[in-house]
Amino acid sequence: MKQILVGFHAVQARLRVDPASLKSVYFDSGRRDRRMGDFLKQAEEVLGERLHAADAERLHKLTGHDRHQGVVALAEKMTVSRTITEVIEDVAGTQEKPLFLVLDGVTDPHNFGACLRVADGAGVDAVVIPKDRSAPINATVSKVSSGASEVIPVLTVTNLVRSMREMQEAGVWLIGTDDEATKSIYDIDLTGPIAIVMGAEGEGMRRLTRETCDELVRIPMQGVVESLNVSVASGVCLYEVLRQRLSKAIK
């Protein structure tokens, strides 16, 4: 299955992890700045005849918009998604504790892409999403994620609650976010196997998703706004996990 990669981050991420999957890469021949020069130096060495100069009209036709930064690629879709069991087994082999991000109903591609970007930055092992209530990984998600969608496993599951229970059976502690929770994200131990569960903006988690969580926590809010964007909230929670784990490793 072919996909379109848009922008420097997405295309460069694919160049690093799976250059053979890039079938054609187009660049704006009228752009001569340093960033484009650095990109072309990297791409020419790897792609050879698969690298093509193009004008703005050609790039616009490929993407349907002008927000491409002058770089567009046609690629074979990578298969990085695996099963929950395989992810946990792979992490166990590194002597680390698994970290999942579970997204229940995040349908906006910009939010989804931003969640993938922060998940990759925080060292998440896999992102779990429901098949019927999630944005697809498309060109917008790829661009907003800054290439994270190309490398982080995204597990699309038919039954989210059943998959959450599978994690629990493997010893993963499910931490859901809820504005009404009594404990904050800073009150609990996050150094073990963890899955952070986030709901859609506005609606939050569905009832069964919430009830399946082992613990519900809130993010302390000091101002007048009641909640954070889902990608920002994901970043707050995931980086608290990372902070605690790094602190424990130093001791």
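The values are calculated or read from the model by the stated rules, or taken from the named source; none is laboratory data. Quick caveat, the model's predicted, so the values are computed rather than measured. Every residue, glycine among them, receives a Cβ derived from its backbone with ideal geometry; neighbour counts consider all protein chains shown.
Report, by residue number, each residue of the range 163-173 that is surrounded by 14 or more Cβ atoms within 10 Å (Cβ to Cβ), in contact with a helix residue (DSSP H, G or I) (Cβ under 7 Å, 6 or more places away or on another chain) and either free of Cβ contacts under 8 Å to residues at least 60 places away in the same chain or not hydrophobic (A, V, I, L, M, F, W, C) (or both). Answer for the range 163-173, where residues must be surrounded by 14 or more Cβ atoms within 10 Å (Cβ to Cβ), in contact with a helix residue (DSSP H, G or I) (Cβ under 7 Å, 6 or more places away or on another chain) and either free of Cβ contacts under 8 Å to residues at least 60 places away in the same chain or not hydrophobic (A, V, I, L, M, F, W, C) (or both): S163, E166.
Conditions (1) within 30 Å of E201 (Cβ to Cβ); (2) touching a residue at least 40 places away in the same chain (Cβ under 8 Å); (3) in the same structural domain as G176 (by TED's automatic domain parsing), marked per residue:
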residue: D28; (1), (2), (3): no, yes, no
residue: L40; (1), (2), (3): no, no, no
residue: E45; (1), (2), (3): no, no, no
residue: A54; (1), (2), (3): no, no, no
residue: L62; (1), (2), (3): no, yes, no
residue: A92; (1), (2), (3): no, no, yes
residue: L99; (1), (2), (3): yes, yes, yes
residue: D104; (1), (2), (3): yes, yes, yes
residue: V118; (1), (2), (3): yes, yes, yes
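Of all residues in the range 1-48, those that are in contact with a helix residue (DSSP H, G or I) (Cβ under 8 Å, 6 or more places away or on another chain), part of a strand (DSSP E or B) and either at pLDDT below 85 or not polar (S, T, N, Q) (or both) total 10. L74 fulfils the conditions (1) farther than 22 Å from L155 by Cα; (2) part of a helix (DSSP H, G or I); (3) not aromatic (F, W, Y) except for a single criterion, (2). Filter the range 234-251 down to residues that are in contact (Cβ under 8 Å) with a residue 24 or more places away in the chain and of a type outside the set (A, V, I, L, M) and give me whichever is surrounded by the most Cβ atoms within 10 Å (Cβ to Cβ). Taking the candidates together, the pick is S234.
Counting residues in the range 220-230 that are within 23 Å of D120 (Cβ to Cβ), in the same structural domain as P130 (by TED's automatic domain parsing) and not in a loop (DSSP other than H, G, I, E, B) gives one or more.
State which residue is surrounded by the fewest Cβ atoms within 10 Å (Cβ to Cβ) when the search covers only the range 125-162 and only residues that are in a loop (DSSP other than H, G, I, E, B) and aliphatic (A, V, I, L, M). Only one residue tops the list, namely V151. Looking at I196, is it in contact with a strand residue (DSSP E or B) (Cβ under 7 Å, 6 or more places away or on another chain), modelled with pLDDT under 95 and not acidic (D, E)? In short, no. Of the residues making up the range 174-233, those that are buried (at least 16 other Cβ atoms within 10 Å of the Cβ), of a type in the set (K, R) and either free of Cβ contacts under 8 Å to residues at least 12 places away in the same chain or touching a Ser or Thr at 6+ places or on another chain (Cβ under 8 Å) (or both) number 1.
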